[in-house]
1. Go through region 135-149 and count every residue that is assigned to a strand (DSSP E or B) and open to solvent by less than 20 Å² (accessible area, probe 1.4 Å).
2. Quick one: ILE171 ticks every box in (1) at pLDDT below 90; (2) closer than 28 Å to LYS44 by Cα; (3) not aromatic (Phe, Trp, Tyr) except a single one, so which number is it?
3. Any residue in region 105-115 that is open to solvent by 10 Å² or more (accessible area, probe 1.4 Å), touching a residue at least 60 places away in the same chain (Cβ under 8 Å) and closer than 21 Å to LEU21 by Cα?
4. Please pick out the residue among GLY88, GLY164, GLY121 that is at pLDDT below 90 and closer than 15 Å to VAL30 by Cβ.
5. Of everything in region 102-114, what is over 8 Å from the mean Cα position of the chain (by Cα) and among the aliphatic types (A, V, I, L, M)? Give them in sequence order.
6. Return the total of residues in region 116-134 being in contact (Cβ under 8 Å) with a residue 12 or more places away in the chain and outside any helix (DSSP H, G or I).
7. Given the conditions (1) at pLDDT 85 or above; (2) in contact with a Gly (Cβ under 7 Å, 6 or more places away or on another chain), which single one is not true for TYR36?
Amino acid sequence: MKYKFEIYKSTEIIFKSTRNLDFGKNTVFVIDRNIYNLNSYLEKHSDYALIIDSKEKNKNYQSLSEILDFFLENKVNRSFNIVVIGGGVLSDFVAFATSIFMRGCNLFLIPTTLLAMVDAGLGGKTAIHFNGKKNILGSFYPASKVFIDFSFLKTLPNKEIENGWSEIIKIALIS
């Protein structure tokens, strides 16, 4: 099933398993460490992957610099696909890095929490914390594609599922 979500540019939302997807040869991955450790099939991407501890406190200039260095080391250019596999925190700050690297590269998101599937994957809000201020540096940079793979939800604790449902209910009420 495919849907289009449009703000500034079109985002294609694809509901399918990501286990056997091929993103092409000009692709790099930024993957949440917990997701990487729980999903052995992601090892096939490890040669071109940056594995990150995706924590709110790491959403900062130092992590931004680490991501940008990774892009440079892998000779990323505007023809590349940058694939982010993780929750909302990782999606948020890697999308920001993608938006400013070479004035924007092709971004694919694979959100791994229900909250990220509902919120972070859509709308294109990106940001990092700076000088103790939350989300003070940011941009709007919607992903080209968002892949929704519900199999990631099997590993989440109930609290994470509840957070996602809270966001779903909030959006439904606002709509």
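The values are calculated or read from the model by the stated rules, or taken from the named source; none is laboratory data. Here the structure is a predicted model, which is why all the values come from computation and not from measurement. Cβ sites come from the backbone with ideal geometry, for glycine too, and all protein chains shown count toward neighbours. Each accessible area value is taken on the protein alone, full model and side chains, heavy atoms only, with ligands, DNA and RNA left out. Shrake-Rupley method; radii C 1.70, N 1.55, O 1.52, S 1.80 Å.
1. Initial filter on region 135-149 (assigned to a strand (DSSP E or B)): 135-140, 145-148.
The next check asks that each one be open to solvent by less than 20 Å² (accessible area, probe 1.4 Å); those that pass are 146-148.
Residues flagged as assigned to a strand (DSSP E or B) and open to solvent by less than 20 Å² (accessible area, probe 1.4 Å) within region 135-149 amount to 3.
2. (2)
3. Within region 105-115, the first condition is being open to solvent by 10 Å² or more (accessible area, probe 1.4 Å), and the residues that meet it are 106, 108, 113-115.
When the remaining residues are screened for being touching a residue at least 60 places away in the same chain (Cβ under 8 Å), the result is 108.
Right, trim to closer than 21 Å to LEU21 by Cα and you get 108.
Within region 105-115 (the criterion being open to solvent by 10 Å² or more (accessible area, probe 1.4 Å), touching a residue at least 60 places away in the same chain (Cβ under 8 Å) and closer than 21 Å to LEU21 by Cα), the answer is yes, since at least one residue qualifies.
4. Numbers: GLY88 fails: at pLDDT below 90; GLY164 fails: closer than 15 Å to VAL30 by Cβ.
Unique residue meeting the criteria: GLY121.
5. Quick first cut of region 102-114, residues over 8 Å from the mean Cα position of the chain (by Cα) only: 102-107, 112-114.
Of everything in region 102-114, those that are over 8 Å from the mean Cα position of the chain (by Cα) and among the aliphatic types (A, V, I, L, M) turn out to be MET102, LEU107, LEU114.
6. Quick first cut of region 116-134, residues in contact (Cβ under 8 Å) with a residue 12 or more places away in the chain only: 116-130.
After this cut, where a residue has to be outside any helix (DSSP H, G or I) as well, the list is 121-130.
Result for region 116-134: 10.
7. Evaluating TYR36 over (1) at pLDDT 85 or above; (2) in contact with a Gly (Cβ under 7 Å, 6 or more places away or on another chain) leaves (2) as the failure.
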